[in-house]
């Protein structure tokens, strides 16, 4: 049987699948409809992207775009939980697509097997409602942030170290309650660090569960943005220090241009 709920057709299976969202007054049927209509682009199907994709697919986001040009390696499996041992050697975007199909067949997945850069970022970003940054290098982060600002698409960006992480939401095309422009990625990080200053996770190591914490926080921010609930982390940088189990929030604003 199929039910109509404000112009969206829902199967009985979908209504049961999303029942715990629908009974929440803050989300309800209207919020679940927004999730089903949403198009979310995730850059990277790695440590951060894996939990993001899992939870957004489970939440019923209608379309998930995945940008990743890498293939699954055995060393990825310690943290990139969307992939399995049988996926080693497979393109990460395709491996993630298969995992999402097993989890929620109602989600449409659009794999983009490419490396994002300043030239292709804009056309990709413009096709989506929200973008999530799970990249691992500064060149890509700046290109994505600039494209999101230009296309007026909110960006949920996070970064991780060995035992620490940070996350914020960027909407630099908008204004705050005080009427002032909201900050951009370049207000938070005006310039990338010199090459070689920040070691990769292959060089420094990383706890797999840490990427799960930060990726799950990113998924929650996307759900808030899509459904319009709560207060997204706009103008706030949330810091997590795993060894001390401590969260801190730092406020930041638009710098002088």
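If R₀ is 35 angstrom, what is the calculated FRET efficiency for the pair residue 78 and residue 250, using the beta carbon separation as r and rounding to 0.05? Don't skip to the answer; put the middle values down first.
Numbers: r = 29 Å, r/R0 = 0.84.
Step by step, r from the Cβ atoms, then E = 0.75.
Run the numbers on region 151-257 and let me know its relative contact order in percent, using alpha-carbon pairs under 8 Å that are six or more apart.
35 percent.
Quick one: work out the % antiparallel among DSSP beta bridges in region 100-252, nearest 5.
80 percent
Arranged by the count of other C-beta atoms within 10 angstrom, fewest first, what order do 14, 221 take?
Values: 14 20, 221 25.
Lowest count first: 14, 221.
Order 78-89, 131-142, 39-50 from most to least packed using the mean count of other Cβ atoms within 10 Å.
Details: 78-89: 17.4, 131-142: 20.9, 39-50: 26.7.
Taking the mean over residues of other Cβ atoms within 10 Å, the ranking is 39-50, 131-142, 78-89.
Normalised by the residues of region 25-84, what does the relative contact order come to in percent, with Cα pairs under 8 Å and at least six apart?
40 percent.
Measuring from a point 7 Å past the Cα of residue 239 along Cα-to-C-beta, which residues in region 144-164 have an amide N at less than 15 Å?
Residues 159-164 qualify, since their backbone N sits under 15 Å from the label point.
At each listed q (0.10, 0.18 Å⁻¹), what is the log10 of I(q)/I(0) that the Debye formula gives for region 105-231 modelled as equal alpha-carbon point scatterers?
-0.35, -1.14
Given an 8 Å cut-off on Cα distances and at least 6 residues of separation, report the relative contact order of the chain as a percent.
Once normalised by length, the contact order is 19 percent.
Let me check the size of the chain from its C-alpha atoms; what are the radius of gyration and Dmax in Å?
Values for the chain (Cα only, Rg and Dmax): 18.0, 59 Å.
Using only the Cα atoms, what convex hull volume per residue in Å³ does region 13-112 have?
In region 13-112, the Cα hull volume divided by residue count equals 89 Å³.
Between residue 173 and residue 108, what FRET efficiency comes out of the Förster formula 1/(1 + (r/R0)^6) with R0 = 25 Å and r the beta carbon distance, rounded to 0.05?
0.40
For residue 24 and residue 101 in the same chain, what is the full-extension length gain: residue separation times 0.36 nm, less their Cα-Cα distance, in nm?
Using 0.36 nm per residue and subtracting the Cα-Cα distance, I get 25.2 nm.
Since every read-out is calculated from the coordinates, none of them should be taken as a lab result. In this text, all values refer to a predicted model and were calculated from it rather than measured experimentally. Every residue, glycine among them, receives a Cβ derived from its backbone with ideal geometry; neighbour counts consider all protein chains shown.
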